[in-house]
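Below is one structure; the comments refer to it alone.
The values are calculated or read from the model by the stated rules, or taken from the named source; none is laboratory data. Worth saying up front: this structure is predicted, and the values here are computed from it rather than measured. Glycine gets a Cβ as well: all are built from the backbone with ideal geometry, and neighbour counts include every protein chain shown. Just so you know, the surface numbers come from the protein's heavy atoms only, side chains and all, with ligands and any DNA or RNA stripped out. Shrake-Rupley method; radii C 1.70, N 1.55, O 1.52, S 1.80 Å.
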Amino acid sequence: PTTAASPAQQADFIRAMTPLAQAAGRRLGVAPETVIAHAALESGWGRHVPAADGQSSFNYFGIKAQRGWNGAAQSAATTEFDAGSPRRVAADFRGYDSAAAGVADYAGLLAGSPRYAAALNTGGDVEAFASALRRGGYATDPDYVRKLVAIAATVKELQARQGLKSSGGLPTTNGEGSA
């Protein structure tokens, strides 16, 4: 069983992701907090990122390495839902050299795919963003929208309470920082 991220871990994740999420949010037309929440949901606040030989993949968004992907990939167990029932499966996930490269690829994937067009330019409407992702096939979890909306509320609350806007906490390249 995995334990929930502590408020300190959540705050560190928000601080580290903020500058990257600001750039991705501008490209996607969504609030940076939405990008941070999406990364937090997919990576367990940065604690569950695919890795190979102890090296992070910097894949904070659970992006699979499907046909046509020419970069690095790491195999990891993941939960998929089939007719509402969860099952554990192995999947290959994209790997990146840095958190910035991972976030940039995420923004490019969403911005460049007709499947996710309805998620673009949703501003601060996390429910509209999450619903569009779910309809586009980004996630199979039937409770995905509720989870993303709840995490976004946590992100906003921590930002307001702790004034979280600076960077730090996540590695930016392999071998730097702490994960």
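List the number of the failed condition for Arg87; all other conditions in (1) closer than 21 Å to Val155 by Cα; (2) of a type in the set (D, E, K, R); (3) not in a loop (DSSP other than H, G, I, E, B) hold.
(1)
In segment 78-135, which residues are open to solvent by 40 Å² or more (accessible area, probe 1.4 Å), of a type in the set (Ser, Thr, Tyr) and either without any contact (Cβ under 8 Å) to a residue 60 or more places away in the chain or closer than 25 Å to Arg15 by Cα (or both)?
Result: Ser85, single match.
Go through segment 12-37 residue by residue and tally those that are of a type in the set (Gly, Ala, Ser) and surrounded by fewer than 19 Cβ atoms within 10 Å (Cβ to Cβ).
Taking segment 12-37 as the starting set, the residues that turn out to be of a type in the set (Gly, Ala, Ser) are 16, 21, 23-25, 29, 31, 37.
From what's left, surrounded by fewer than 19 Cβ atoms within 10 Å (Cβ to Cβ): 23, 29.
The qualifying residues number 2.
Scan segment 14-32 residue by residue and report those that are within 11 Å of the chain's Cα centre (by Cα) and of a type outside the set (Gly, Ala, Ser). Before the answer, list the steps.
The initial filter retains those residues of segment 14-32 that are within 11 Å of the chain's Cα centre (by Cα), namely 17, 21.
Listed by number, the list holds a single entry, Met17.
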